[in-house]
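What follows is a set of notes on a single structure, which appears directly below.
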Amino acid sequence: MTIEPLAIGVCSWSLQVKNVPELKRLLDQLGVSVVQIACGDPHHATWDEGDRLPEAARAAGLQMSGAMLGFPGEDYSTPQTIQRTGGFGDPATRSERLERFRWALERTRALGLTDLMLHAGFLPEPGDPERKPFLDTLGQVSALAAEKGIIVAFETGQETADLLRRTLDDLRCPNLKVNFDPANMLLYDKGDPLRAVEILGADIRSVHVKDANRPTRPGVWGEEVPLGQGQVNIRAFVLALKKIGYRGPLCIEREVGTQQQRLRDVAHGIRFLRQCLNNDEAEA
């Protein structure tokens, strides 16, 4: 099922759903059909359907843009804990996480998808002795995904756009792309998301639309807020995506609050994003 360019969608975990019928009901309530769907790993977002998730999701007629993977043991309590535990950053967990990644590749194929999104972890800077083994691991990720015909999109935020650009250029793996989240760059205080769009350009494969404010002091999280209420400048972000020729969906992500609060904020986000898109078309 073809997804229209710049179609508005939602990340399934933002709605805190536990099964496909609940997801379908809330998407219908929100008036959207596009969803970036959690793979179903217990740590990130489990599903009542278990191994039957792909069959159930396809039967529900969901327009799925890609699958999202989280790893057991990732701890987002503070920026420091996720730096230690995120993605493939810890050499001690790389082997088991590559196994979980292999599982996610099979799940992505079973869902009928070609795109798998994840956080790679904090990328070491050039000159850091940890950089080569980390990039070797990401090269393994690319090779495993290529065997299955899968594109892997690393989510932004835990590094500057310049470092991610350098890393992708160093890896030279055509199936490694970017899942762009402008708010993460503010939450981690890693630069200007609008400039980052220009730097990462054609490698932006998918997008999380989220808003946030920068941290008030070093070493703490910034604040995630509803769309249009933070420092991203969502309208300018959408224009920047159009400028680089991005034609994928715009999947709203909301990761704080109760399920009802998230639902209200996502509904607001859909209205706000539609207004941004309509205003852009009217001015064109």
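The values are calculated or read from the model by the stated rules, or taken from the named source; none is laboratory data. Keep in mind that what you see is a predicted model, and the values were worked out from it rather than measured. We place every Cβ from the backbone using ideal geometry, glycine too, and count neighbours over all the protein chains shown. With ligands, DNA and RNA removed, areas are computed over all heavy atoms of the protein, side chains included. Shrake-Rupley method; radii C 1.70, N 1.55, O 1.52, S 1.80 Å.
The label point for Thr78 and the one for Asp28, both projected 7 Å from the Cα toward the Cβ, are 4.6 nm apart. Amide H contacts of Met64 (H built 1.01 Å from N, in plane; Pro and chain starts excluded): Val35 sit under 5 Å, all sequence-distant by 5 or more or on other chains. Let me test this: with uniform point scatterers at the alpha carbons of the range 66-114, what is the Debye-based log₁₀ I(q)/I(0) at q = 0.18, 0.33 1/Å? For the range 66-114, the Cα-only Debye profile gives -0.60, -1.16. The separation of the range 97-137 from the range 232-284, counted between C-alpha centres, amounts to 27 Å.
Along the range 65-75 the Karplus relation, 6.51 cos²θ - 1.76 cosθ + 1.60 evaluated at θ = phi - 60°, assigns HN-Hα couplings of 8, x, 10, 10, 10, x, 10, x, x, 5, 10 Hz to successive residues, with x for each Gly and Pro.
Considering the range 1-133 at the alpha-carbon level, its Rg and Dmax are found to be 16.3, 51 Å.
Average 1/r across all pairs of distinct alpha carbons in the chain, invert it, and you get the Kirkwood radius: 19.0 Å. Per-residue packing, averaged as other Cβ atoms within 10 Å, sorts the ranges 158-164, 33-39 into the order 33-39, 158-164, beginning with the highest.
Relative to its residue count, the range 187-243 spans a Cα convex hull of 82 Å³ per residue. For the range 76-229, the Kirkwood hydrodynamic radius comes to 16.0 Å, computed from all pairs of different C-alpha atoms. Where both bridge residues fall in the chain, DSSP classifies roughly 10% of the beta bridges as antiparallel. Distances between placed amide hydrogens fall under 5 Å for Leu250 paired with Ala7, Ile8, Gly9, all partners being 5 or more residues away or on another chain.
Relative contact order of the chain, taken over Cα pairs closer than 8 Å and 6 or more residues apart, is 18 percent. Computed about its Cα centre, the charge dipole of the chain is approximately 400 debye, with only Lys, Arg, Asp and Glu carrying charge at their Cβ. Model label sites at Glu130 and Ala92, defined 7 Å from Cα along the beta-carbon direction, differ in position by 1.3 nm.
In plain terms, the C-alpha convex hull of the range 15-69 casts an average shadow of 3.3 nm² when viewed from every direction.
Across all Cα pairs in the range 163-205, the calculated P(r) in 5 Å bins from zero up to the longest distance comes to 5, 22, 34, 23, 12, 3 percent per bin. Using all pairs of distinct alpha-carbon atoms, the Kirkwood hydrodynamic radius of the range 145-284 works out to 15.7 angstrom. Per residue, the range 1-92 exposes 43 Å² of accessible surface when a 1.4 Å probe is rolled over the protein heavy atoms with every protein chain present. Of the accessible area of the chain, computed with a 1.4 Å probe over protein heavy atoms only, carbon and sulfur atoms account for 48 percent. Within the chain, the whole DSSP H helices whose Cα atoms reach 20 Å or more along their own axis and whose mean Kyte-Doolittle score is at least -0.5 are 131-147. More than 17 Å apart: what percent of Cα pairs in the range 46-92 qualify? Tail of the P(r) past 17 Å holds 52 percent of the pairs.
Note on the range 4-77 and the range 149-215: Cα centroid distance 22 Å, given to the nearest whole angstrom.
For Lys177, the residues whose modelled amide H falls within less than 5 Å of its own, excluding neighbours fewer than 5 places apart on the same chain, are Val152, Ala153, Phe154. From the helices alone, meaning DSSP H stretches of at least four residues, give me the mean residue ellipticity at 222 nm for the chain, per-run term -39500 (n - 2.57), in deg cm²/dmol to the nearest 500. It lands at -13000 deg cm²/dmol. Heavy atoms of the protein chains alone define the surface here; on that basis the range 135-284 has 43 Å² accessible area per residue at 1.4 Å probe size.
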